[in-house]
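The structure under discussion appears below in the form of structure tokens.
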């Protein structure tokens, strides 16, 4: 192999290795966070039960329930939102959030997507009671629960691109991506075996660079996802979900960064020690010959 060809092959190997490594880490995240229903349910439930998410959902519910009552809305919206937020944090909401989590999971992993909507049947009666109490103030006026919407749509079925095919493809490609990454890094080091140590350092810093890239990208993802939601209140929920789902990927990147830099430090110490031993051996042999 000519020198130029070896150089081009080395560059191709290290660039492709960086790409496949990022894709392999993404595949691992999809497999263990997005497609794993147990982890998905845990993360989604925690995100929805967070105070800011419950407050955002309750604000959206009250906005829709009092859409045709603007004056009343100005008067009682804050108290009503606090009441609904409390209901969403009680045992009454367990079934509600369980159904909502299943809808979100289906929306993410299935091509047959439906609107993600929160069912209000469990809170319509108590919500109508609190609105009636706030409006009446002693007068015999009732608010018909039927005027409160049956559900609040959080995400429309066509709001985001259908990524279910990509998710499933990444699951199948996961093992192949990891094997390709290892093979490409090995090929890069082998092609420059005359400068073995230098190639190991470059490979290590490439892995660290991929980790830094992942850490740099993660904070910019939630905002565009939230911006795609028309309901301003629900944007908070979408952003919380995105942040919590990306947290494991961020942990992967941190672990990879620390591991790669730690491995380079160990290699550096070992390599320097070997060079010292060889240098000492040569010195002793030279003295013996004299």
When residues of the range 209-234 are limited to those that are part of a helix (DSSP H, G or I) and modelled with pLDDT under 85, the one surrounded by the fewest Cβ atoms within 10 Å (Cβ to Cβ): 232
Condition check for residue 186: at pLDDT below 95 and under 27 Å from the mean Cα position of the chain (by Cα): no
Which numbered condition residue 103 misses (of (1) buried (at least 18 other Cβ atoms within 10 Å of the Cβ); (2) over 20 Å from residue 43 (Cβ atoms); (3) modelled with pLDDT of 80 or more): (2)
Odd one out for residue 203, checked against (1) surrounded by fewer than 17 Cβ atoms within 10 Å (Cβ to Cβ); (2) part of a helix (DSSP H, G or I): (1)
Tally, over the range 134-156, of residues that are out of contact with any strand residue (DSSP E or B) (no Cβ under 7 Å at 6 or more places or on another chain), at pLDDT below 75 and either under 24 Å from residue 37 (Cβ atoms) or surrounded by 14 or more Cβ atoms within 10 Å (Cβ to Cβ) (or both): 7
Any hit, the range 205-221, residues being closer than 21 Å to residue 47 by Cβ and touching a strand residue (DSSP E or B) at 6+ places or on another chain (Cβ under 7 Å): no
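One line per residue, one yes/no per condition, for (1) at pLDDT 85 or above; (2) surrounded by fewer than 18 Cβ atoms within 10 Å (Cβ to Cβ); (3) within 30 Å of residue 187 (Cα to Cα):
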| site | (1), (2), (3) |
| --- | --- |
| 21 | yes, no, yes |
| 27 | yes, no, yes |
| 47 | yes, no, no |
| 54 | no, no, no |
| 57 | no, no, no |
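The values are calculated or read from the model by the stated rules, or taken from the named source; none is laboratory data. Only a predicted model underlies this, so the values are computations on that prediction, with no experimental measurement involved. Don't worry about glycine lacking a Cβ; one is built from the backbone with ideal geometry, like all the others, and counts go over all protein chains shown.
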